[in-house]
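The values are calculated or read from the model by the stated rules, or taken from the named source; none is laboratory data. Just so it is clear, the structure is predicted and the values come from calculations on it, not from any experiment. Don't worry about glycine lacking a Cβ; one is built from the backbone with ideal geometry, like all the others, and counts go over all protein chains shown.
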Amino acid sequence: MSNTEHVGVMDAITGRHSVRAFTEEPVSTEQLDALFQAARLAPSSLNSQPWRYKAVVDKDMLQLFATKDVSRTQTWLAQAGAIIVCCADTSGYVRDSQASAFYYRENDLITGDSMDGIEDYVERESSAAASAQFGAAAMNVGISISFMMLRAIELGLGTCWVGMFNEQKIKEMLNIDSGLRIVGLLAVGHPASDEVVEHNRKSLDEIILS
């Protein structure tokens, strides 16, 4: 798809597909900023916004992402114009959820049983196991990543969500804080082909419960 700022939401949804072949054209700083602007506007539980992103554009570093130790030899990753490392701040997720709940209560924005439910939820999250906190924060990060993938279509870019990676290796490579967890990688670049890809999706009858 050519560069355009006039793509409808449904066009972006139907036009998005996993791209694993890119041209050598770089992804610009302005394009990355546009993706991050889309990401930050995503909704999140109690407005916790637990997403943290790091963009990698250095060619030598991109080559490392394609190795066995980092991605089980997904060699196509080296072609990407950028790889966005998508992280969850689990402690920040809990802290900011608590702050939102306090704000709602103090300002009577939500009252009664609904407010009690929110505070019960926040209390459960604050005492939950680290794996449960990560799962809740990661769900919010996933929504934010979806916003980036759709914005990329507007910018004439292709993306591919990557879930197979060595988290510890990447954190060491990029000096990512130990308190963050990597949810996934988002490869971004200019698609090498304009080929229209058919989506293999279940029918509405299969996904709508009667």
I110 in contact with a helix residue (DSSP H, G or I) (Cβ under 7 Å, 6 or more places away or on another chain), in contact (Cβ under 8 Å) with a residue 40 or more places away in the chain and either crowded, with 18+ Cβ neighbours inside 10 Å or not hydroxyl-bearing (S, T, Y) (or both)
no
Looking at (1) surrounded by fewer than 16 Cβ atoms within 10 Å (Cβ to Cβ); (2) more than 30 Å from V19 (Cβ to Cβ), which is the one condition that is false for A101?
(1)
Modelled with pLDDT of 95 or more and loosely packed, with under 10 Cβ neighbours inside 10 Å, is that true of N175?
yes
Check whether at least one residue in the range 107-114 is of a type in the set (S, T, Y), in a helix (DSSP H, G or I) and closer than 27 Å to R52 by Cβ, and report yes or no.
no
Conditions: (1) closer than 23 Å to F36 by Cα; (2) touching a residue at least 24 places away in the same chain (Cβ under 8 Å); (3) surrounded by 17 or more Cβ atoms within 10 Å (Cβ to Cβ). V70 meets all but one. Number of the miss?
(1)
Filtered residue count, the range 44-63, keeping only those that are closer than 28 Å to A21 by Cβ and of a type outside the set (K, R):
10
Hey, can you tell me all the residues within the range 15-38 that are crowded, with 18+ Cβ neighbours inside 10 Å and touching a Gly at 6+ places or on another chain (Cβ under 7 Å)?
V19, F22, V27
